[in-house]
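Down below is the structure, laid out as C-alpha coordinates.
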Amino acid sequence: MIQNLFGKKIGMTQIFNKKGEAIPVTVIKVEDSLVVDKKIEEKEGYNALKIGFGDNVKPKNLSKPIKGIFKNEKKNINFPFKKTLKEIKVDKEDIDKYKIGDVITIEIFREFENKKVDIVGITKGKGTQGVMKRWGFKGGRASHGSMSHRRPGSIGSNTFPARVLKNKKMAGRMGGRKFTVLNLNVEKVDIENKFMLVKGAVPGNNNQIVLIRKSKKDN
(Lines give C-alpha, C1' and ligand atoms only; values in the text may rest on other atoms or scores of the structure.)
Protein backbone atom coordinates (compact mmCIF):
# COMPACT_ATOMS: atom_id res chain seq x y z
CA MET A 1 0.00 0.00 0.00
CA ILE A 2 1.20 3.51 -0.84
CA GLN A 3 2.01 5.42 2.33
CA ASN A 4 3.13 8.71 0.83
CA LEU A 5 1.54 11.19 -1.53
CA PHE A 6 1.85 14.83 -2.55
CA GLY A 7 -0.52 17.56 -1.45
CA LYS A 8 -0.86 21.33 -1.60
CA LYS A 9 -0.44 23.45 1.52
CA ILE A 10 -3.48 25.74 1.77
CA GLY A 11 -2.74 27.59 5.01
CA MET A 12 -3.28 27.45 8.76
CA THR A 13 -6.38 27.61 10.92
CA GLN A 14 -7.56 26.16 14.23
CA ILE A 15 -10.03 23.54 15.36
CA PHE A 16 -11.41 22.65 18.78
CA ASN A 17 -11.28 19.23 20.41
CA LYS A 18 -13.87 17.69 22.72
CA LYS A 19 -12.34 19.49 25.70
CA GLY A 20 -12.76 22.86 24.00
CA GLU A 21 -9.02 23.31 23.50
CA ALA A 22 -7.86 25.16 20.37
CA ILE A 23 -5.54 23.15 18.16
CA PRO A 24 -3.50 24.94 15.45
CA VAL A 25 -3.62 22.94 12.22
CA THR A 26 -2.29 23.20 8.68
CA VAL A 27 -4.76 22.48 5.90
CA ILE A 28 -3.37 20.31 3.10
CA LYS A 29 -5.38 19.53 -0.01
CA VAL A 30 -4.68 16.08 -1.43
CA GLU A 31 -5.86 16.10 -5.04
CA ASP A 32 -6.42 13.00 -7.16
CA SER A 33 -3.17 11.76 -8.69
CA LEU A 34 -3.00 10.03 -12.06
CA VAL A 35 -0.43 7.26 -12.56
CA VAL A 36 1.26 8.11 -15.88
CA ASP A 37 4.33 5.87 -15.67
CA LYS A 38 6.04 3.20 -13.55
CA LYS A 39 9.67 2.70 -12.57
CA ILE A 40 10.74 -0.92 -12.12
CA GLU A 41 13.76 -1.93 -10.05
CA GLU A 42 15.01 -4.40 -12.67
CA LYS A 43 15.17 -1.62 -15.25
CA GLU A 44 15.63 1.72 -13.44
CA GLY A 45 17.10 0.45 -10.17
CA TYR A 46 14.15 1.42 -7.96
CA ASN A 47 10.37 1.04 -7.73
CA ALA A 48 8.27 4.16 -8.09
CA LEU A 49 5.11 5.57 -9.61
CA LYS A 50 5.23 8.71 -11.70
CA ILE A 51 2.09 10.70 -10.99
CA GLY A 52 0.52 13.81 -12.46
CA PHE A 53 -1.83 16.03 -10.49
CA GLY A 54 -3.14 19.55 -10.23
CA ASP A 55 -4.82 21.66 -12.91
CA ASN A 56 -4.70 20.79 -16.59
CA VAL A 57 -2.26 22.90 -18.62
CA LYS A 58 -1.94 23.81 -22.28
CA PRO A 59 0.46 21.69 -24.38
CA LYS A 60 2.41 24.80 -25.45
CA ASN A 61 3.55 25.28 -21.85
CA LEU A 62 5.27 21.87 -21.69
CA SER A 63 8.45 20.52 -23.25
CA LYS A 64 8.31 17.63 -25.72
CA PRO A 65 9.74 15.04 -23.26
CA ILE A 66 7.05 15.93 -20.72
CA LYS A 67 4.33 15.80 -23.37
CA GLY A 68 5.51 12.30 -24.29
CA ILE A 69 4.79 11.10 -20.77
CA PHE A 70 1.13 12.11 -20.98
CA LYS A 71 0.53 11.29 -24.65
CA ASN A 72 2.39 8.43 -26.37
CA GLU A 73 0.95 6.58 -29.37
CA LYS A 74 3.43 3.68 -29.12
CA LYS A 75 2.45 2.98 -25.51
CA ASN A 76 -1.20 3.77 -26.23
CA ILE A 77 -1.19 6.54 -23.59
CA ASN A 78 -3.49 9.54 -23.85
CA PHE A 79 -3.80 11.49 -20.60
CA PRO A 80 -4.62 15.16 -19.97
CA PHE A 81 -1.57 17.36 -19.41
CA LYS A 82 -1.17 17.98 -15.67
CA LYS A 83 0.52 20.95 -14.08
CA THR A 84 2.65 18.93 -11.64
CA LEU A 85 4.60 15.74 -12.28
CA LYS A 86 6.24 13.87 -9.39
CA GLU A 87 7.49 10.43 -8.39
CA ILE A 88 6.59 8.46 -5.27
CA LYS A 89 8.59 5.42 -4.24
CA VAL A 90 6.67 2.25 -3.43
CA ASP A 91 7.62 -1.17 -2.09
CA LYS A 92 8.47 -3.96 -4.49
CA GLU A 93 5.39 -5.97 -3.51
CA ASP A 94 3.10 -2.98 -4.17
CA ILE A 95 4.38 -1.87 -7.58
CA ASP A 96 2.32 -4.51 -9.40
CA LYS A 97 -0.89 -3.39 -7.69
CA TYR A 98 -0.98 -0.17 -9.70
CA LYS A 99 -1.30 0.19 -13.44
CA ILE A 100 -0.74 3.15 -15.74
CA GLY A 101 -4.00 5.10 -15.79
CA ASP A 102 -4.99 4.34 -12.18
CA VAL A 103 -6.07 7.25 -9.97
CA ILE A 104 -4.71 7.55 -6.42
CA THR A 105 -6.97 9.52 -4.07
CA ILE A 106 -6.93 10.75 -0.49
CA GLU A 107 -8.55 7.42 0.42
CA ILE A 108 -5.08 6.01 1.13
CA PHE A 109 -4.91 8.33 4.16
CA ARG A 110 -8.29 7.27 5.58
CA GLU A 111 -6.65 5.20 8.32
CA PHE A 112 -4.06 7.89 9.13
CA GLU A 113 -6.44 9.92 11.32
CA ASN A 114 -4.96 10.39 14.83
CA LYS A 115 -1.66 8.94 13.60
CA LYS A 116 1.69 10.55 12.84
CA VAL A 117 3.03 11.71 9.48
CA ASP A 118 6.18 13.41 8.21
CA ILE A 119 5.87 16.46 5.95
CA VAL A 120 8.62 17.35 3.46
CA GLY A 121 8.62 20.77 1.83
CA ILE A 122 10.73 23.73 0.73
CA THR A 123 11.06 26.39 3.42
CA LYS A 124 10.19 30.01 2.74
CA GLY A 125 13.07 31.88 1.11
CA LYS A 126 14.19 34.88 3.16
CA GLY A 127 17.17 36.00 1.09
CA THR A 128 20.47 37.02 2.63
CA GLN A 129 20.20 37.48 6.40
CA GLY A 130 22.54 38.34 9.27
CA VAL A 131 23.61 36.01 12.05
CA MET A 132 20.96 37.21 14.51
CA LYS A 133 18.03 36.33 12.27
CA ARG A 134 19.63 33.33 10.59
CA TRP A 135 21.15 31.62 13.64
CA GLY A 136 19.57 33.36 16.61
CA PHE A 137 22.74 35.06 17.86
CA LYS A 138 22.29 37.32 20.88
CA GLY A 139 24.15 40.24 19.30
CA GLY A 140 26.35 42.86 20.85
CA ARG A 141 25.57 45.54 23.42
CA ALA A 142 22.63 47.78 22.60
CA SER A 143 24.18 50.77 24.33
CA HIS A 144 25.09 53.93 22.45
CA GLY A 145 28.39 53.81 20.62
CA SER A 146 29.08 50.06 20.87
CA MET A 147 29.43 49.78 17.06
CA SER A 148 28.65 46.03 17.19
CA HIS A 149 24.91 45.76 17.75
CA ARG A 150 24.23 43.00 15.18
CA ARG A 151 27.72 41.96 14.10
CA PRO A 152 28.86 38.30 14.24
CA GLY A 153 32.02 39.01 16.21
CA SER A 154 35.35 37.26 15.64
CA ILE A 155 35.17 34.55 12.97
CA GLY A 156 38.78 33.50 12.32
CA SER A 157 41.51 31.69 14.22
CA ASN A 158 44.90 33.05 15.22
CA THR A 159 48.22 32.08 13.62
CA PHE A 160 47.06 28.49 13.33
CA PRO A 161 45.14 27.51 11.27
CA ALA A 162 44.82 31.15 10.14
CA ARG A 163 41.57 30.63 8.29
CA VAL A 164 37.82 30.52 8.85
CA LEU A 165 36.77 26.96 9.69
CA LYS A 166 34.13 25.20 7.63
CA ASN A 167 30.48 25.26 8.79
CA LYS A 168 31.00 28.48 10.69
CA LYS A 169 27.67 30.13 11.46
CA MET A 170 27.75 33.34 9.46
CA ALA A 171 25.47 35.64 7.49
CA GLY A 172 24.15 34.20 4.23
CA ARG A 173 21.20 32.82 2.31
CA MET A 174 18.35 31.77 4.57
CA GLY A 175 15.45 29.46 3.68
CA GLY A 176 14.49 28.04 0.33
CA ARG A 177 15.78 24.59 1.23
CA LYS A 178 14.28 21.14 1.58
CA PHE A 179 13.09 20.57 5.15
CA THR A 180 11.30 17.70 6.90
CA VAL A 181 9.04 18.05 9.94
CA LEU A 182 8.67 14.76 11.80
CA ASN A 183 5.78 13.26 13.76
CA LEU A 184 2.94 15.68 13.03
CA ASN A 185 -0.41 14.38 14.23
CA VAL A 186 -3.21 14.03 11.68
CA GLU A 187 -6.24 15.61 13.37
CA LYS A 188 -8.74 14.96 10.58
CA VAL A 189 -9.00 13.48 7.09
CA ASP A 190 -11.89 14.94 5.07
CA ILE A 191 -12.44 12.41 2.29
CA GLU A 192 -15.34 14.32 0.70
CA ASN A 193 -13.52 17.66 0.36
CA LYS A 194 -10.05 16.08 -0.09
CA PHE A 195 -8.50 17.91 2.87
CA MET A 196 -6.15 16.77 5.59
CA LEU A 197 -5.71 18.70 8.85
CA VAL A 198 -2.27 18.27 10.40
CA LYS A 199 -1.41 19.64 13.83
CA GLY A 200 1.34 22.26 13.78
CA ALA A 201 3.25 24.13 11.10
CA VAL A 202 4.34 22.76 7.73
CA PRO A 203 7.36 24.11 5.78
CA GLY A 204 6.75 26.30 2.75
CA ASN A 205 4.48 29.01 1.41
CA ASN A 206 0.76 28.61 0.86
CA ASN A 207 -0.16 26.75 -2.36
CA GLN A 208 3.20 24.97 -2.31
CA ILE A 209 3.52 21.25 -3.00
CA VAL A 210 4.53 19.12 0.01
CA LEU A 211 5.16 15.41 0.46
CA ILE A 212 3.07 13.59 3.05
CA ARG A 213 4.45 10.25 4.23
CA LYS A 214 3.89 7.83 7.05
CA SER A 215 6.07 8.74 10.02
CA LYS A 216 9.32 6.79 10.14
CA LYS A 217 9.49 7.10 13.93
CA ASP A 218 5.86 6.35 14.78
CA ASN A 219 5.31 2.79 15.89
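Residues considered: V30, V35, V90, V57. Of these, the only one that is in contact with a Ser or Thr (Cβ under 9 Å, 6 or more places away or on another chain), of a type in the set (V, I, T) and closer than 20 Å to I209 by Cα is V30. Need at least 2 residues that are in contact (Cβ under 8 Å) with a residue 12 or more places away in the chain and within 23 Å of R213 (Cβ to Cβ) per element, so show me which strands (runs of 3 or more DSSP E) inside the stretch 151-199 make the cut, counting only ones lying wholly within it. The qualifying strands (runs of 3 or more DSSP E) are 178-190, 195-199. One residue stands out among those in the stretch 124-136 that are of a type in the set (A, V, I, L, M, F, W, C) and either touching a His at 6+ places or on another chain (Cβ under 9 Å) or buried (at least 16 other Cβ atoms within 10 Å of the Cβ) (or both): the one that is farthest from V25 (Cα to Cα), which is V131. In the condition set (1) in contact with a strand residue (DSSP E or B) (Cβ under 9 Å, 6 or more places away or on another chain); (2) not assigned by TED's automatic domain parsing to the domain that holds E187, E42 is compliant with all but (1). Summed over the stretch 97-144, residues that are of a type in the set (G, A, S) and within 28 Å of F79 (Cα to Cα) total 2. Across the stretch 1-53, what is the number of residues that are buried (at least 16 other Cβ atoms within 10 Å of the Cβ) and assigned to a loop (DSSP other than H, G, I, E, B)? Qualifying residue count, the stretch 1-53: 5.
Of all the residues in the stretch 192-219, those that are under 21 Å from D55 (Cβ atoms) and either of a type outside the set (G, A, S) or in contact with an Asp or Glu (Cβ under 9 Å, 6 or more places away or on another chain) (or both) number 13.
The conditions of being closer than 30 Å to L34 by Cβ, modelled with pLDDT under 95 and not hydrophobic (A, V, I, L, M, F, W, C) are met by R110. Being over 27 Å from the mean Cα position of the chain (by Cα), surrounded by 10 or more Cβ atoms within 10 Å (Cβ to Cβ) and not polar (S, T, N, Q) holds for only one residue in G145, G175, G121, G156, and it is G156. Within the stretch 178-206, the set of residues being among the polar types (S, T, N, Q) and either over 12 Å from the mean Cα position of the chain (by Cα) or at positive phi (or both) comprises N183, N185, N193. Close Cβ contacts (under 6 Å, 6 or more residues apart or on different chains) running from residues in the stretch 73-95 that are outside the structural domain of I119 (by TED's automatic domain parsing) and in contact (Cβ under 8 Å) with a residue 12 or more places away in the chain to residues that are in a loop (DSSP other than H, G, I, E, B) and of a type in the set (V, I, T) comprise F81/V57; K83/V57; V90/I2. Given the structure, is G139 more than 30 Å from E87 (Cα to Cα) and at pLDDT below 95? It is true that G139 is more than 30 Å from E87 (Cα to Cα) and at pLDDT below 95. Could you tell me how many of the residues in the stretch 54-63 are assigned to a strand (DSSP E or B) and farther than 17 Å from I77 by Cβ? The total comes to 2.
The values are calculated or read from the model by the stated rules, or taken from the named source; none is laboratory data. Keep in mind that what you see is a predicted model, and the values were worked out from it rather than measured. Cβ: placed from backbone, ideal geometry, glycine included. Neighbour counts: every protein chain shown.
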